[in-house]
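Asker: Okay, here's the structure, questions in a sec.
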Amino acid sequence: MKQYGKYLFLLPGLLVLTLFMIIPIAGTILSTFFDAGSFTLAGYMQYLQDPYFLNILWVTLRTSLLTTLICILLAFPAAYYISKCRPRMKMILLLLSIFPLLTSPVVRSFSWMVILGKGGIIDNTMALFGSDTSISILYTPTAILIGLVHLFLPLSIITLVGVMENIGDDVVEAAKSLGASASTTFWHILLPLSVPGLMTGSILVFVGSFTAYTTPALLGGRESVISTFLYQNAVTLNDWQLASVVATIMIVLSFVVIGIMNWLAGKVAVRGGNIRG
Amino acid sequence: MSHVSLQNVAVAYQKTNILENFNLDIPEGELVSLLGPSGCGKTTTLRLVAGFLQSHQGSIQVGGKDYTTVPVNKRNFGFVFQNYALFPHMSIFDNIAFGLRQRKVSKKDTYTKVMEMLELVGLQHFENRFPKELSGGQKQRVAIARALVINPDLLLFDEPLSNLDANLRVSMRSEIRRIQQESGIAAIYVSHDQEECFSISDRVAIMNKGVIEQLDHPAAIYHRPRTSFVASFIGFKNFLRFDRRSENGQKPIFYKGDSTFAVSYEKDTGSMTGVIRPDDIRIKPAGPPVTENELSGTIITAIFLGRSYQYEVKTEHGSFTANQEMTIPFQSGDSVVLDMPPHKWVLVEESEVPSYAG
């Protein structure tokens, strides 16, 4: 009996998760397959044949994947630089990079509305170059994208710095001393060794932006994403049954994308396991 | 003509000069080690030759070719790191093959060469393993194989054995020596371990504060240190600055207070500082009056070293350290006479003696 003792440590967390997450989610998912007591897929058929909903799904998926990609591209060089800094400088730069996380999403989104909206900095600058000011970026998927990248970039940077710190300078130097160019060193050494951090960061960013509500609600205007659509169904239309269907589709899609990411990561992953040689 | 030649190179880090007007020449096929306390510039020198650092003056030549401004990846020098620096995500085969792939060696030749290397370092059948599955010694063998397989013009070792345990260090260093001699590639070997450097090198450079104080064959350094820094670094614990000297026929006599010392030497440098190892001082019980090369004193401490006892002896010219094998040791407080024979003394140039020197 004794060797099971250590599992007791899991119990509190497990209880909370079961009570407040697993049971409600199971309930949500189950409810989507039943209408008036009988099994049905009508809810799903209704959505998956609706071009309006499919468009929202596509926009959400595209926006969150783009957010993830842009975050990776922006975070990689920044994280590499930060990981090579001295401890004190590293602390300062990390604090600066998580700064966006410290402000409320509402405040942050309102700031972007000022910047991106009509008469905002972007519009005025564009006007200087003779651009058509009647089209503003605000209330477009681009605005959502900008807001989400701003929100999630810190996550990418933090997770990447975490793994990059553990890539020894000597490994990079070894590659160079063996004749590797800067690009070979990047593709064959740095990138593969960063995959664990890229994976963690990207999953966080993707799931975060796929399910984000405040930022798209404020910056997207009438442009719906899946979470705002879900909110409309549940609260405005008071159709919890259909909202549950949307929620289930979100959960399934998240898992599918994470699965694909994992598979992709496996292609370039660290097979040797431990980062340190 | 020497194979490796550093002329007047200089490296500064944050406005502090680490190396200044530094020169070093290494003949074809020779293994020269750089030995010195931490911060003496030995690793800086090695990294400069490797190309990880740039000299802002002078030149670096290897095999008659100027390498001063050639980037690291175009140098073709094999570098062996202290922490092995294997690529953790690659198999042992891919680690060793990495350099060959950069050189666009055909698949077939790569396979042959990697297998040859694995045999040379005694790691046959390890090609499909990953670095984390290997012990420290095995990892360092892979690192050596990886550096050797590119047929480098020069081998550079940065304290390659310092992460290994004592027994393994001894066997690995003879292995490194064997491999280096078989390949006939000139090598620079950095270490702070005196015994390691002496056993592995054709010549040893003792460095202090960015300067080579002595570059010589290991035995020559061991027996004839040129400066007081070198002497203290290689274990001469006793220093005596003489007051004056006089020539008594063939044998020069040195004076310190009332004591006289005959000192034999090969070359007269006019130096007035004598050094002697603890092992070379004989301790006798006090009794008959002291004669030439003798000094009376009192035992302060006696430390059991296993084979011998180490005594701290207080004399009128300061304290001396002497080691002696004996069954019944002296006790602290005993009056003794130190016998320091002429041929055990070495005259050295005064240079800065590190603070830890006793």
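What follows draws every value from the coordinates through simple rules; no lab data is involved. Nothing here was measured: the structure is a model prediction, and the numbers come from that model. Quick reminder, even Gly has a Cβ in these numbers, built from the backbone with ideal geometry, and neighbours come from all protein chains shown.
Asker: Go through segment A:201-235 residue by residue and tally those that are touching a residue at least 12 places away in the same chain (Cβ under 8 Å) and part of a helix (DSSP H, G or I).
Answerer: Total satisfying the criteria: 24.
Asker: Within the set of pairs 6 or more residues apart or between chains, which connect a residue that is without any contact (Cβ under 8 Å) to a residue 60 or more places away in the chain inside segment A:24-43 to a residue that is surrounded by 11 or more Cβ atoms within 10 Å (Cβ to Cβ) and in a strand (DSSP E or B) with Cβ atoms less than 7 Å apart?
Answerer: A:Thr40/A:Phe34; A:Ala42/A:Asp35
Asker: Moving on. Pairs under 7 Å by beta carbon, first residue closer than 16 Å to B:Gly78 by Cα in segment B:20-48, partner of a type in the set (Asp, Glu) and assigned to a loop (DSSP other than H, G, I, E, B), six or more apart or different chains?
Answerer: From residues that are closer than 16 Å to B:Gly78 by Cα, the pairs are B:Glu30/B:Asp202; B:Leu31/B:Asp202; B:Val32/B:Asp202.
Asker: Every residue in segment A:104-124 that is exposed (fewer than 12 other Cβ atoms within 10 Å of the Cβ), part of a loop (DSSP other than H, G, I, E, B) and either within 26 Å of the chain's Cα centre (by Cα) or among the aromatic types (Phe, Trp, Tyr) (or both), please.
Answerer: A:Ser104
Asker: On the given criteria, is B:Lys108 assigned to a helix (DSSP H, G or I) and within 10 Å of chain A (Cβ to nearest Cβ)?
Answerer: no
Asker: Sticking with this one: Scan segment B:128-151 for residues that are surrounded by fewer than 18 Cβ atoms within 10 Å (Cβ to Cβ) and either under 11 Å from B:Asn95 (Cβ atoms) or within 12 Å of chain A (Cβ to nearest Cβ) (or both) and jot them down.
Answerer: B:Asn128, B:Arg129, B:Lys132, B:Glu133, B:Gly136, B:Asn151, listed by residue number.
Asker: With respect to A:Leu198, is the statement that it is within 14 Å of chain B (Cβ to nearest Cβ), touching a residue at least 24 places away in the same chain (Cβ under 8 Å) and surrounded by fewer than 17 Cβ atoms within 10 Å (Cβ to Cβ) true?
Answerer: no
Asker: Follow-up. Taking the criterion of being within 27 Å of the chain's Cα centre (by Cα), crowded, with 17+ Cβ neighbours inside 10 Å and aliphatic (A, V, I, L, M), would at least one residue in segment A:125-142 satisfy it?
Answerer: Yes, because at least one residue in segment A:125-142 is within 27 Å of the chain's Cα centre (by Cα), crowded, with 17+ Cβ neighbours inside 10 Å and aliphatic (A, V, I, L, M).
Asker: Oh, and also: Out of the residues in segment A:155-190 that are of a type in the set (D, E, K, R) and assigned to a helix (DSSP H, G or I), which is surrounded by the most Cβ atoms within 10 Å (Cβ to Cβ)?
Answerer: Among residues in segment A:155-190 that are of a type in the set (D, E, K, R) and assigned to a helix (DSSP H, G or I), the one surrounded by the most Cβ atoms within 10 Å (Cβ to Cβ) is A:Lys176.
Asker: Considering segment A:167-188 alone, what residues qualify as being more than 7 Å from chain B (Cβ to nearest Cβ) and in contact (Cβ under 8 Å) with a residue 40 or more places away in the chain?
Answerer: A:Ile167, A:Asp169
Asker: What are the pairs, 6+ residues apart or on separate chains, where a residue within segment B:102-114 that is within 22 Å of A:Phe186 (Cα to Cα) has its Cβ under 7 Å from a residue that is part of a helix (DSSP H, G or I)?
Answerer: B:Gln102/A:Thr184
Asker: Considering only segment B:61-90, state which residues are in contact with a Phe, Trp or Tyr (Cβ under 9 Å, 6 or more places away or on another chain) and more than 8 Å from chain A (Cβ to nearest Cβ).
Answerer: B:Gln61, B:Val62, B:Tyr67, B:Val80 - these are the residues of segment B:61-90 that are in contact with a Phe, Trp or Tyr (Cβ under 9 Å, 6 or more places away or on another chain) and more than 8 Å from chain A (Cβ to nearest Cβ).
Asker: Return the residues of segment A:91-105 that are in contact (Cβ under 8 Å) with a residue 60 or more places away in the chain and touching a helix residue (DSSP H, G or I) at 6+ places or on another chain (Cβ under 6 Å); say none if nothing qualifies.
Answerer: Once the filter is applied, which keeps residues that are in contact (Cβ under 8 Å) with a residue 60 or more places away in the chain and touching a helix residue (DSSP H, G or I) at 6+ places or on another chain (Cβ under 6 Å), segment A:91-105 yields A:Ser97, A:Ile98, A:Pro105.
Asker: Quickly run through segment B:274-332 and pick out the residues that are hydrophobic (A, V, I, L, M, F, W, C), out of contact with any Pro (no Cβ under 6 Å at 6 or more places or on another chain) and more than 23 Å from B:Leu347 (Cα to Cα).
Answerer: Within segment B:274-332, B:Ala286, B:Ile299, B:Ile300, B:Ile303, B:Phe304, B:Leu305, B:Met326, B:Ile328, B:Phe330 meet the criteria.
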